[in-house]
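The values are calculated or read from the model by the stated rules, or taken from the named source; none is laboratory data. Given the structure is predicted, the values throughout are model-derived calculations rather than measurements. Glycine gets a Cβ as well: all are built from the backbone with ideal geometry, and neighbour counts include every protein chain shown. Each accessible area value is taken on the protein alone, full model and side chains, heavy atoms only, with ligands, DNA and RNA left out. Shrake-Rupley method; radii C 1.70, N 1.55, O 1.52, S 1.80 Å.
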Amino acid sequence: MEKIIEENKQGNSLVLEQKEGNTKRLFIESYGCQMNFSDSEIVASILAEQGYNTTQQIEEADLVLVNTCSIRDKAEQTVRKRLDQYNNIKKINPSMKVGVLGCMAERLKKQFLEEEKIVDLVVGPDAYKDIPNLLKEVEEGRDAINVILSKEETYGDISPVRLNTNGVTAFVSITRGCDNMCTFCVVPFTRGRERSRDPQSILEEIKELWDKGFKEVTLLGQNVDSYLWYGGGLKKDFEKASEMQKATAVDFAQLLDMAATAFPKMRFRFSTSNPQDMHLEVIEVMAKHHNICKYIHLPVQSGSTRVLQAMNRQHTREEYMELVDNIYRIIPDISLSQDMIAGFPTETEEDHKDTLTLMEYCKYDFGFMFAYSERPGTLAARKLEDDIPEEVKKRRLTEIINLQQKMAWERTQRFVGQTVEVLIEKSSKRSDEHWSGRNSQNTMVVFPKENYKPGEFVNVKITDCTSATLMGEAVGYSDMN
Ligand code: SAH
Ligand code: F3S
């Protein structure tokens, strides 16, 4: 692999990994969750073996792939608009092929080839290894589609090509699919049943990243706490595993412990945690290792037990609060973030107030908040009327967002006066004279560059802040270097 340094829109240098001798050009872009961005790196790696190097210039691409998201209707509309833009480019460059990957491909299947005349290729999240065969079909003038979901596929044997990377932080997938069946969510239908990746292959991928100079890895899964390796297969079939497999199984707390121990100078994050599967062992492992970041993304969706039940979340308001109490008890300086849905079917003003009071109780540093969007095929769409008027959803969402902003402001201020450890990622968006990076709690920190470099851990004395950013001055290297 050869490395090419390019500038992105923010003026930050990006490293592009290119295989020598490759002549075809792939333009790949991703929408939606971090898992999609990580999957695109797997696809780029599969295509690097087929003669494709990635390009940032869509006009010169032989193949354009878009990795899509179905989580809300708006996400799908964004992709459809993008496809229109591809269509205009295809008019200038008719030999360019266009493929749709990911959740929309899985959800809409053949419909895509019929509705969107410009799409040549439709590939679901478990079928990326079939892309070389599918491309042959396309070359022979046939539409190509593979949306088969797998019981086994984890892409554990593929070493991803890092796309648009800052060379410092990277994602590593540890599970695929989700078995939770939250009634609002399309993911179990588009990404299939849950399966975990062999821990050995995870550690090998982390080692490769370490050797390339990366300093932070985020372990990814729809529900990382549910990670369970017992020799392959679906999580739901674990009961049928042999006694030997059960005795040697590795869970998420063990995986995290193994990774943090094996790479003591690599920082680890993970996402996403589901409250029902997050056990105290994980929090204890986090407390034990300095190099596991003190930040948990812990979506709750609603503060009302009645709504949580209708969502098929497997915990009550009180159980969630107890989990949060335990987290703050074991790791007092932790940051938490939430996902929240406003206006789920049947949600009353009382339920909405429960959401606001739960938020105040949990003191989240960050939040990702959405108005309920009915997704075809989900249990909620089949069983519950989308009965909350749009303006009520919007008003409740605004109240949730306003409260989150107020809390973020209060939470961020706690760092002022403290010295925090920061991993330098890139130039600050606002100023070329400043570096930006995150502290352990995931808050962005900006400080004058001096002679420090990306990939270095520095201690930064915080002097000021906005609601989302800390400002300060470096006072020296940290022990993590
Ligand atoms: N476990 C996953 C969740 C993916 S969906 C993860 O890795 O993050 C991300 C968030 O989108 C959910 O937590 C939920 O808050 C929101 N979401 C999912 N389905 C939705 C829907 N139908 N309408 C509105 N928001 C939704
Ligand atoms: Fe979706 Fe719930 Fe899984 S939000 S991804 S079904 S944990």
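Can you tell me which residue within segment 210-230, out of those that are part of a loop (DSSP other than H, G, I, E, B) and closer than 22 Å to residue 423 by Cα, is nearest to ligand 2 (Cβ to nearest atom)? Checked segment 210-230; the qualifying residue nearest to ligand 2 (Cβ to nearest atom) is 214. Of the residues in segment 362-373, none is without any contact (Cβ under 8 Å) to a residue 60 or more places away in the chain, over 27 Å from the mean Cα position of the chain (by Cα), open to solvent by 60 Å² or more (accessible area, probe 1.4 Å) and more than 16 Å from ligand 2 (Cβ to nearest atom). Within the set 46, 4, 28, the sole residue that is aliphatic (A, V, I, L, M), modelled with pLDDT of 95 or more and either under 28 Å from residue 428 (Cβ atoms) or part of a loop (DSSP other than H, G, I, E, B) (or both) turns out to be 28. Every listed requirement among (1) outside any strand (DSSP E or B); (2) within 14 Å of ligand 1 (Cβ to nearest atom); (3) in contact (Cβ under 8 Å) with a residue 24 or more places away in the chain is met by residue 167 save one, (2).
Taking the stated definitions as given, is residue 233 in contact (Cβ under 8 Å) with a residue 24 or more places away in the chain, within 16 Å of ligand 2 (Cβ to nearest atom) and either not assigned by TED's automatic domain parsing to the domain that holds residue 284 or not basic (Lys, Arg) (or both)? No. Checking each residue in segment 111-132 for being at pLDDT 90 or above and touching a strand residue (DSSP E or B) at 6+ places or on another chain (Cβ under 8 Å) picks out 119, 120, 121, 122, 123, 124, 125, 126, 127, 128, 130, 131.
In the set 246, 207, 236, only one residue is part of a helix (DSSP H, G or I), open to solvent by 50 Å² or more (accessible area, probe 1.4 Å) and closer than 30 Å to residue 378 by Cα; that residue is 236.
Restricting attention to segment 171-188, does a residue exist that is part of a loop (DSSP other than H, G, I, E, B), more than 16 Å from ligand 2 (Cβ to nearest atom) and either more than 30 Å from residue 435 (Cβ to Cβ) or assigned by TED's automatic domain parsing to the domain that holds residue 73 (or both)? There is no residue in segment 171-188 that is part of a loop (DSSP other than H, G, I, E, B), more than 16 Å from ligand 2 (Cβ to nearest atom) and either more than 30 Å from residue 435 (Cβ to Cβ) or assigned by TED's automatic domain parsing to the domain that holds residue 73 (or both). Here are some residues: 296, 283. Which one is open to solvent by less than 10 Å² (accessible area, probe 1.4 Å), more than 30 Å from residue 149 (Cβ to Cβ) and either within 15 Å of ligand 2 (Cβ to nearest atom) or assigned by TED's automatic domain parsing to the domain that holds residue 200 (or both)? Only one candidate qualifies: 283. The set of residues in segment 276-295 that are closer than 20 Å to residue 337 by Cβ, part of a helix (DSSP H, G or I) and without any contact (Cβ under 8 Å) to a residue 60 or more places away in the chain comprises 277, 280, 282, 283, 285, 286, 287.
For the residues 190, 183, 261, the requirement of being within 20 Å of residue 36 (Cα to Cα) and either open to solvent by 20 Å² or more (accessible area, probe 1.4 Å) or not basic (Lys, Arg) (or both) singles out 190.
Going through (1) open to solvent by 20 Å² or more (accessible area, probe 1.4 Å); (2) under 26 Å from residue 356 (Cα atoms); (3) hydroxyl-bearing (Ser, Thr, Tyr) one by one, residue 419 falls short only on (2). Residues of segment 49-98 that are part of a loop (DSSP other than H, G, I, E, B) and either open to solvent by 20 Å² or more (accessible area, probe 1.4 Å) or aliphatic (A, V, I, L, M) (or both): 49, 50, 56, 57, 61, 62, 71, 72, 93, 94, 95, 96.
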